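Here the structure comes first, spelled out in structure tokens, and everything after it is commentary.
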Amino acid sequence: MSDVWSGRAQAFRDSPTHREGPDLDLLVEWCEPDEGVKVLDVATGGGHVARRLREEGCTVVTVDRAPGMHPDVVSRAEDLPFAEGSFDVVTCRIAAHHFEDVRHAVQEMARVTRHLVVIEDNVFVDEAVEEAERLRDATHVRCYSEDEWKELLTEAGLEVEQVERFERHPDVEDWLARVETPPDDAARVRELLADRIRDGRLELQSVVIKARRSQS
């Protein structure tokens, strides 16, 4: 998977969906950024979260399993090579649906934070959407519901403080081209998502969740 994602790096750096948006603004705000706050950005991708947090004065370490994303550390989210409590905040945006073991990844994020974990990802809709996601991109594993996210974070010893949902409307053709979906698969994806496409844009939802490490 790393080689696949390295080849996609520039497309994700350029992606308007990833580069900006009110969801990104809120995620950054919920990280409680300030001078000297130490942040780990897991599955940094195009580096947009890291860029914004550095602009706020944070010290940010980026992690990604794909060397082509140019992270500070090459690592899976499930194998974070840091000691317990190494960071004030751990964040991860629109990536967890690719994790092979999301439960273990969340446990790792909880382990290395002293205070906060702030996560955003696409929300589970139904199996037709999941099929379309896998056809579009074979690295897709699964999206999770809001309740599943709360359960994952709570099981990892975190207390969920705030949750907010966002509508996201990527251009369908850009969304398919970004991961080079083969033409036949792209046609089937359009069929599966026909009731969620309006004027060439796909209707998706994401959820942003802020959770704090339990002090008990």
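Eigen-decomposition of the gyration tensor built on the alpha-carbon atoms of the chain gives equivalent ellipsoid semi-axes of 28, 18, 16 angstrom, largest listed first. Tell me the angle of helix 146-155 to the major Cα principal axis of the chain, expressed in degrees between 0 and 90 and rounded to the nearest ten. With both axes taken from Cα atoms, the answer is about 30 degrees.
The residues packed around Val117, meaning those with a beta-carbon under 13 Å from its beta-carbon, carry a net charge of -2 if Lys and Arg are +1 and Asp and Glu are -1.
Using the alpha-carbon atoms, what tilt in degrees (0 to 90, nearest 10) does helix 102-112 show relative to the longest principal axis of the chain? The angle comes out at about 30 degrees.
Rounded to the nearest 10 degrees, the angle from helix 183-192 to the longest Cα principal axis of the chain is 80 degrees.
Each of Gly21, Thr59, Ala96 was scored by the projection of its Cα onto the charge dipole of the chain, and the greatest displacement toward the positive side belongs to Thr59; charges sit on the C-beta of Lys, Arg, Asp and Glu. Take every DSSP beta bridge whose two residues both sit in region 2-213, then give the antiparallel share in percent to the nearest 5. Just about 55 percent of them are antiparallel. The charge dipole of region 2-213, taken about its Cα centre with unit charges on the Cβ of Lys, Arg, Asp and Glu (plus for the first two, minus for the last two), comes to roughly 460 debye.
Computed from the C-beta positions of Glu173 and Arg212, the FRET efficiency with R₀ = 45 Å rounds to 0.65. Potential lengthening of the chain between Arg103 and Asp25 amounts to 25.5 nm, from the contour at 0.36 nm per residue minus the alpha-carbon distance. The string of couplings for region 49-66 from the Karplus curve (6.51, -1.76, 1.60, θ = phi - 60°) is 5, 4, 4, 5, 5, 5, 4, 8, x, 6, 8, 10, 10, 9, 10, 7, 7, 9 Hz, one whole number per residue in order, with x for Gly and Pro.
Show me 153-163, 194-204 ranked by packing, highest mean number of other Cβ atoms within 10 Å first. Write out the running numbers ahead of the final one.
Details: 153-163: 15.8, 194-204: 13.5.
Result, highest mean Cβ count within 10 Å first: 153-163, 194-204.
Projecting the Cα atoms of Ile209, Pro71, Thr154 onto the charge dipole of the chain (Cβ charges, centred on the Cα centre) puts Pro71 farthest toward the positive pole.
Extending 7 Å from the Cα toward the beta-carbon at both Gln205 and Glu146 defines two label points whose distance is 0.7 nm. If you take all other residues with their beta carbon under 15 Å from the beta carbon of Val73, and give Lys and Arg +1 and Asp and Glu -1, the sum is -3.
Quick note: the coordinates plus some simple rules give every number you see, no bench work behind them. Note that this is a predicted model, so its numbers are computed, not measured. All Cβ positions, glycine included, derive from the backbone under ideal geometry; neighbour counts span all protein chains shown.
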